[in-house]
Ligand code: BV8
Ligand code: ZN
């Protein structure tokens, strides 16, 4: 912890990659942890264009359930600590795989959402995109005024990440002096690759996770614990 604090205090360019683990203490189940399942489905079965094409109602029931959970949740001290780091650092980029919007609700301003936003909906017909934060949604699956199905404004498996946001994330990772990897199992690419990019560009990598992950090998320091406990201690 002392070493991590020293690196953080001495850095002016910092970046962080967060995953579902930072929202776990807000009561949002992680994808691959114990509570991550929904009915008998795995996220990889539902978060795909094929699943949506096959059964848009089932996929929307899952998202509507998650939206209600998120709406009832609050940011936790880990989210707040990351907003504080942004205020203190010379340059800070918060790169998140999460779609729950809790970083913004905690006060983070520059959030690069690699996998989209659960509060956005996009028309599969006319492409219209808007924010719709009603929970529950009045009818499932929701439809656009044009009559076509609306889909969640998130990135599914097999879909490309938003090009502009990905480019900003790569730039932030390769320019960071310290790269924090928080609450991610590092199972999903290309997001997880950002830690290796940061490391190859000379950053000190600090991992915060109760468990070992695929990125522990890249970490210069691994803090084994909950982000809601450790991030406030770190700052
Ligand atoms: C793409 C949005 C190309 C939707 C999500 C084979 C090998 C390698 C890669 C692939 C492969 N086959 C396919 C791929 C590519 C695929 C992929 O990586 N698959 C994986 C499963 C193998 N990736 C893609 O498809 C990506 N797109 O590659 O496109 C392309 C290019 C051009 C043109 C066309 C295509 C798109 C990936 C995005 C998928 N969308 N979510 C939604 O949310 O509904 S991914 C989903 O997983 C979430 O975003 C989630 O954030 C993300 C990663 O999971 P984590 O965040 O890490 O969460 P997880 O539960 O896994 O782990 C939680 C961690 O927290 C644990 O480590 C736990 O210990 C820790 N924790 C728990 N409590 C705490 C804690 N930590 C701290 N504090 C606590 N209290
Ligand atoms: Zn439409």
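The values are calculated or read from the model by the stated rules, or taken from the named source; none is laboratory data. Quick caveat, the model's predicted, so the values are computed rather than measured. When we count neighbours, we look across all protein chains shown, and the Cβ atoms used for this are built from the backbone with ideal geometry, even at glycine.
Is it the case, given these coordinates, that residue 48 is modelled with pLDDT under 95, within 11 Å of ligand 1 (Cβ to nearest atom) and out of contact with any strand residue (DSSP E or B) (no Cβ under 8 Å at 6 or more places or on another chain)? Against the criterion (modelled with pLDDT under 95, within 11 Å of ligand 1 (Cβ to nearest atom) and out of contact with any strand residue (DSSP E or B) (no Cβ under 8 Å at 6 or more places or on another chain)), residue 48 does not qualify. Could you tell me whether any residue of segment 209-226 is more than 28 Å from residue 29 (Cβ to Cβ) and more than 14 Å from ligand 1 (Cβ to nearest atom)? Yes; the residues of segment 209-226 include at least one that is more than 28 Å from residue 29 (Cβ to Cβ) and more than 14 Å from ligand 1 (Cβ to nearest atom). Once segment 30-49 is narrowed to residues that are part of a helix (DSSP H, G or I) and surrounded by 13 or more Cβ atoms within 10 Å (Cβ to Cβ), the residue that is nearest to ligand 2 (Cβ to nearest atom) is 49.
Looking only at segment 1-29, residues that are part of a loop (DSSP other than H, G, I, E, B), within 18 Å of residue 65 (Cβ to Cβ) and in contact (Cβ under 8 Å) with a residue 60 or more places away in the chain come to 3 in all. The criterion of at least 1 residues that are within 16 Å of ligand 2 (Cβ to nearest atom) and over 30 Å from residue 5 (Cβ atoms) is met by the following strands (runs of 3 or more DSSP E) wholly inside segment 92-202: 116-123, 129-131, 150-154. Determine if segment 162-170 includes at least one residue that is closer than 22 Å to residue 90 by Cβ, surrounded by 14 or more Cβ atoms within 10 Å (Cβ to Cβ) and more than 16 Å from ligand 1 (Cβ to nearest atom). Yes, there is a match, as at least one residue in segment 162-170 is closer than 22 Å to residue 90 by Cβ, surrounded by 14 or more Cβ atoms within 10 Å (Cβ to Cβ) and more than 16 Å from ligand 1 (Cβ to nearest atom).
Within segment 23-41, the set of residues being more than 6 Å from ligand 1 (Cβ to nearest atom) and at pLDDT 90 or above comprises 23, 26, 27, 28, 29.
On inspection, residue 221 does not qualify as assigned by TED's automatic domain parsing to the domain that holds residue 111, away from ligand 2 (no atom under 16 Å from the Cβ) and under 19 Å from the mean Cα position of the chain (by Cα). The residues listed here are 158, 153, 183; of these, the one that is touching a helix residue (DSSP H, G or I) at 6+ places or on another chain (Cβ under 8 Å), under 17 Å from residue 53 (Cα atoms) and within 11 Å of ligand 1 (Cβ to nearest atom) is 158. Each residue in segment 212-228 was checked for being without any contact (Cβ under 8 Å) to a residue 24 or more places away in the chain and outside any loop (DSSP other than H, G, I, E, B), and 1 of them qualify.
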